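Below: one structure, written as structure tokens.
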Amino acid sequence: MQIPLFDLQRQHDSLRTQLNAAALDALNSMQWLLGPQTENFEKEMASLLGVKYCISCSSGASAIQLALMAAGIQEGDEVITTPFTFMATTSSISLTGAKFVFADIDPQTYNIDPKDIARKITRKTKAILPVHLYGAAADMRGIMALANEHGLKVIEDCAQSLLAMSQGVKTGGIGHAGAFSFYPSKNLGACGDAGAITTNEEELANRCRSLRHDGRNKDKEYEHDLEGSTLRMDEVQAAILRVKLKHLKDWTTARQKIATWYEYGLQGLPVTLPTSLPNNTHAYCVYTVRCPNRDKLQVYLKENGISTAVYYPVPLYRQPAYKHLGYRKQDFPVTETACQEVLSLPMFPQLTEEEVMYVCECIQKFYRK
Ligand SMILES: Cc1ncc(COP(=O)(O)O)c(C=O)c1O
């Protein structure tokens, strides 16, 4: 049996006719930017997430950058974030001119630990940027309490957490703003790059709308109130995303069902399953376990036709691009261990029970060898 980590083909095949029609309509509308597709997509996303505003943009990275800029983050400011994330989290902070500062993660959820955030707050700290990694919400109670105490902005990196919840509230609606990615392999994937910002604050929303459109005044095309950039989502992507958005709840339920199959199939093994904090709901963008002998297990699964991935093998403070910052790995012991032990198993809504059981049987064979 061959089992991919994620299979975009199966999803695409099931929606091919609707996707082709939607893309063609947007193409022939001759309105390729900021037209009815993006406008309706924004309304539908906002309603699904229970937030007042959604502003579409060109990628998850640009969503983070725009949200930070709209929140007033600039050169001289510090933004506290996790080192156990994708590079776009920190590169987007740097693009605002601000400096990112790392806090270590919690060993259960792999998300930024409020206790370490508290130790990293300085006079220059202006924002906290938690990442809801793998689809599990960070400790938003702890983070919001710190933010309120110190007057900080909270921008949630929701690239992996669409429809994940914390205490009954969907991620992206808890902090001052949320940044979503619609990279093809995400829970809602475009056919290319796309992203969005969510917020309940009108002024922040207006600033995002202007900043993604070169800082234009909304009524005067060649008057620029802000210095922004060209970071809009295009109409064809919005049309495609609207087709898929209708299936998102069902796909998320399917992911959660698949997680229960893994829980059953991996019982009794020395494998730590993904968890979320009490009263939180996991969106399983990826299904990541922690396991001994990780590299050998990964090779064994590959030999048996199963694709897996390590998100992330190298923490950001050890990336060549950040060598000059002089971070020391002993400062982040929890992140260091996670990098050695995590392994993401196949996870996508169309995965069958038979396939999941095959993955579990192979893992059982590996540990019982
Ligand atoms: C945690 C995280 N943040 C940000 C991004 C950036 O999103 P995009 O690739 O759409 O720019 C990603 C995408 O992989 C991500 O996983």
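The values are calculated or read from the model by the stated rules, or taken from the named source; none is laboratory data. Treat the numbers as computed from the prediction; the structure is a model and nothing was measured. Cβ placement follows ideal geometry from the backbone for every residue including glycine, while neighbour counts extend to all protein chains displayed. The protein model used for the area step is the full one, side chains on, heavy atoms only, and it has no ligands, DNA or RNA in it. Shrake-Rupley method; radii C 1.70, N 1.55, O 1.52, S 1.80 Å.
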Search result, residues across the range 135-185 that are within 11 Å of the ligand (Cβ to nearest atom), in contact with an Asp or Glu (Cβ under 8 Å, 6 or more places away or on another chain) and assigned to a loop (DSSP other than H, G, I, E, B): Phe182, Tyr183
Only one of these conditions is not met by Gln18: (1) at pLDDT 95 or above; (2) over 19 Å from Leu248 (Cβ atoms); (3) surrounded by fewer than 19 Cβ atoms within 10 Å (Cβ to Cβ). Which number is it? (2)
Which condition breaks for Ala103 when tested against (1) open to solvent by 20 Å² or more (accessible area, probe 1.4 Å); (2) over 23 Å from Leu204 (Cα atoms)? (1)
Quick check, is Leu325 surrounded by fewer than 16 Cβ atoms within 10 Å (Cβ to Cβ), aliphatic (A, V, I, L, M) and either farther than 25 Å from Gln108 by Cα or in contact with a His (Cβ under 8 Å, 6 or more places away or on another chain) (or both)? yes
Which of the residues spanning the range 186-217 are part of a strand (DSSP E or B) and either buried (at least 24 other Cβ atoms within 10 Å of the Cβ) or within 16 Å of the ligand (Cβ to nearest atom) (or both)? Gly195, Ala196, Ile197, Thr198, Thr199
Restricting attention to the range 76-92, does a residue exist that is farther than 18 Å from Tyr322 by Cα, crowded, with 24+ Cβ neighbours inside 10 Å and either more than 15 Å from the chain's Cα centre (by Cα) or within 16 Å of the ligand (Cβ to nearest atom) (or both)? no
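Of the residues Thr308, Thr335, Thr288, only one is away from the ligand (no atom under 16 Å from the Cβ), open to solvent by less than 80 Å² (accessible area, probe 1.4 Å) and modelled with pLDDT of 95 or more; which?
Thr308
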Run Met1 past the list (1) in contact with a Leu (Cβ under 9 Å, 6 or more places away or on another chain); (2) modelled with pLDDT under 95 and report the number of the one that doesn't hold. (1)
Tell me, please, whether a residue that is in contact with a Gly (Cβ under 6 Å, 6 or more places away or on another chain) and either without any contact (Cβ under 8 Å) to a residue 40 or more places away in the chain or not basic (Lys, Arg) (or both) can be found in the range 255-268. no
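Taking Phe6, is it in contact (Cβ under 8 Å) with a residue 60 or more places away in the chain, under 24 Å from Ala164 (Cβ atoms), open to solvent by less than 50 Å² (accessible area, probe 1.4 Å) and not β-branched (Val, Ile, Thr)?
Spelling it out, it is not the case that Phe6 is in contact (Cβ under 8 Å) with a residue 60 or more places away in the chain, under 24 Å from Ala164 (Cβ atoms), open to solvent by less than 50 Å² (accessible area, probe 1.4 Å) and not β-branched (Val, Ile, Thr).
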Filter pass, Gln267 being surrounded by 12 or more Cβ atoms within 10 Å (Cβ to Cβ) and outside the structural domain of Ile73 (by TED's automatic domain parsing): no
Number of the condition not met by Lys329 [criteria: (1) in contact (Cβ under 8 Å) with a residue 40 or more places away in the chain; (2) within 30 Å of Ser94 (Cβ to Cβ)]: (1)
In the range 270-299, what residues are more than 26 Å from Met87 (Cβ to Cβ) and out of contact with any strand residue (DSSP E or B) (no Cβ under 9 Å at 6 or more places or on another chain)? Pro270, Pro278, Pro292, Asn293, Lys296
Scan the range 112-128 and tell me whether some residue there is open to solvent by 40 Å² or more (accessible area, probe 1.4 Å), within 22 Å of Arg328 (Cα to Cα) and outside any helix (DSSP H, G or I). yes
